[in-house]
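Peer 1: Below are the structure tokens for one structure; questions will follow.
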Amino acid sequence: MDATRILAEFGRTARIGPIGCNASLPELVEALGQPFIGDPVYEKCRWPRWFGYGNLQLVVCSCRLVVQVIVPAWHGEIEVPDARANTMVSYPSGVSYSQFTAALDAEGCDWSRGRDLPGQCTVETEVDGTRTGFVFVTTEGDEEPPLADATLNKAVSSAFHDCPPRTPDEEDDGFGSS
């Protein structure tokens, strides 16, 4: 499997293996092991917090559900978990717009073109309320001519919700209190 197919599957299912919005952090730990534990997303709030597997960045809310998955592709590779082998696997991330949209079509995935900004274009998919945007750069720099085929920069999947309040008698899960 290559990055284009992994990302097309991400567009179709909003998941990379067990990782996706609304996945439970404790279930991910059980399936994939301990994640990289990052800082709080907002300086003055303990939650949501950053976690990660490989170079996948997860935003997890206080009820321990993933609300955002970010797949950075700008540095030349994506690193994703392979739960069957319990390892991380890297793939070159040089995915072009035409390769990606063809792969989405081959997967039978409905997609639309998002709102373009200067120097970028976006492909969007939606699965069960989870929206995923694939951001492609269309130039190599501000003063550069457009690329013949835009290149993937990142993918961001989001499904925000209101967390139920945590009760004081809930056990500590090792990630701290809410």
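Peer 1: I want to confirm something. Restricting to region 114-133 and keeping residues that are open to solvent by 20 Å² or more (accessible area, probe 1.4 Å) and over 16 Å from VAL69 (Cα atoms), which single residue is modelled with the highest pLDDT?
Peer 2: The qualifying residue modelled with the highest pLDDT is GLN120.
Peer 1: Which members of region 91-113 meet the condition of being open to solvent by 60 Å² or more (accessible area, probe 1.4 Å) and in a strand (DSSP E or B)?
Peer 2: Scanning region 91-113 gives PRO92, ARG113.
Peer 1: Oh, and also: So, of the residues in region 11-27 that are out of contact with any Gly (no Cβ under 7 Å at 6 or more places or on another chain) and among the small types (Gly, Ala, Ser), which turns out to be most open to solvent (accessible area, probe 1.4 Å)?
Peer 2: GLY17
Peer 1: Please enumerate the residues belonging to region 34-93 that are touching a Lys or Arg at 6+ places or on another chain (Cβ under 8 Å) and among the aliphatic types (A, V, I, L, M). Lay out the reasoning, then the answer.
Peer 2: If we filter region 34-93 for residues that are touching a Lys or Arg at 6+ places or on another chain (Cβ under 8 Å), which is where we start, we get 37-41, 59-60, 62-63, 70-74.
Answer for region 34-93, where residues must be touching a Lys or Arg at 6+ places or on another chain (Cβ under 8 Å) and among the aliphatic types (A, V, I, L, M): ILE37, VAL41, VAL59, VAL60, ILE70, VAL71, ALA73.
Peer 1: Given (1) in a strand (DSSP E or B); (2) at pLDDT below 90; (3) among the aromatic types (Phe, Trp, Tyr), identify the lone condition not met by PHE136.
Peer 2: (2)
Peer 1: Going by what's in this entry, would ALA150 be described as more than 29 Å from GLU27 (Cα to Cα) and open to solvent by 20 Å² or more (accessible area, probe 1.4 Å)?
Peer 2: Values: more than 29 Å from GLU27 (Cα to Cα): yes; open to solvent by 20 Å² or more (accessible area, probe 1.4 Å): no.
For ALA150, the condition - more than 29 Å from GLU27 (Cα to Cα) and open to solvent by 20 Å² or more (accessible area, probe 1.4 Å) - is not met.
Peer 1: Just give me the residues in region 20-59 being touching a residue at least 60 places away in the same chain (Cβ under 8 Å), part of a strand (DSSP E or B) and over 10 Å from the mean Cα position of the chain (by Cα), in sequence order.
Peer 2: First, the residues of region 20-59 that are touching a residue at least 60 places away in the same chain (Cβ under 8 Å): 20-22, 25-26, 37, 46-47, 49.
Subset that is part of a strand (DSSP E or B): 20, 37, 49.
Result: ILE37, ARG49.
Peer 1: Something else: Identify all residues within region 28-60 that are open to solvent by 10 Å² or more (accessible area, probe 1.4 Å) and either touching a Cys at 6+ places or on another chain (Cβ under 7 Å) or among the β-branched types (Val, Ile, Thr) (or both); write none if there are none.
Peer 2: Of everything in region 28-60, those that are open to solvent by 10 Å² or more (accessible area, probe 1.4 Å) and either touching a Cys at 6+ places or on another chain (Cβ under 7 Å) or among the β-branched types (Val, Ile, Thr) (or both) turn out to be VAL29, ILE37, VAL41, TRP47, PRO48.
The values are calculated or read from the model by the stated rules, or taken from the named source; none is laboratory data. Bear in mind that the values here come from a model prediction, so they are computed numbers and not experimental data. Glycine gets a Cβ as well: all are built from the backbone with ideal geometry, and neighbour counts include every protein chain shown. With ligands, DNA and RNA removed, areas are computed over all heavy atoms of the protein, side chains included. Shrake-Rupley method; radii C 1.70, N 1.55, O 1.52, S 1.80 Å.
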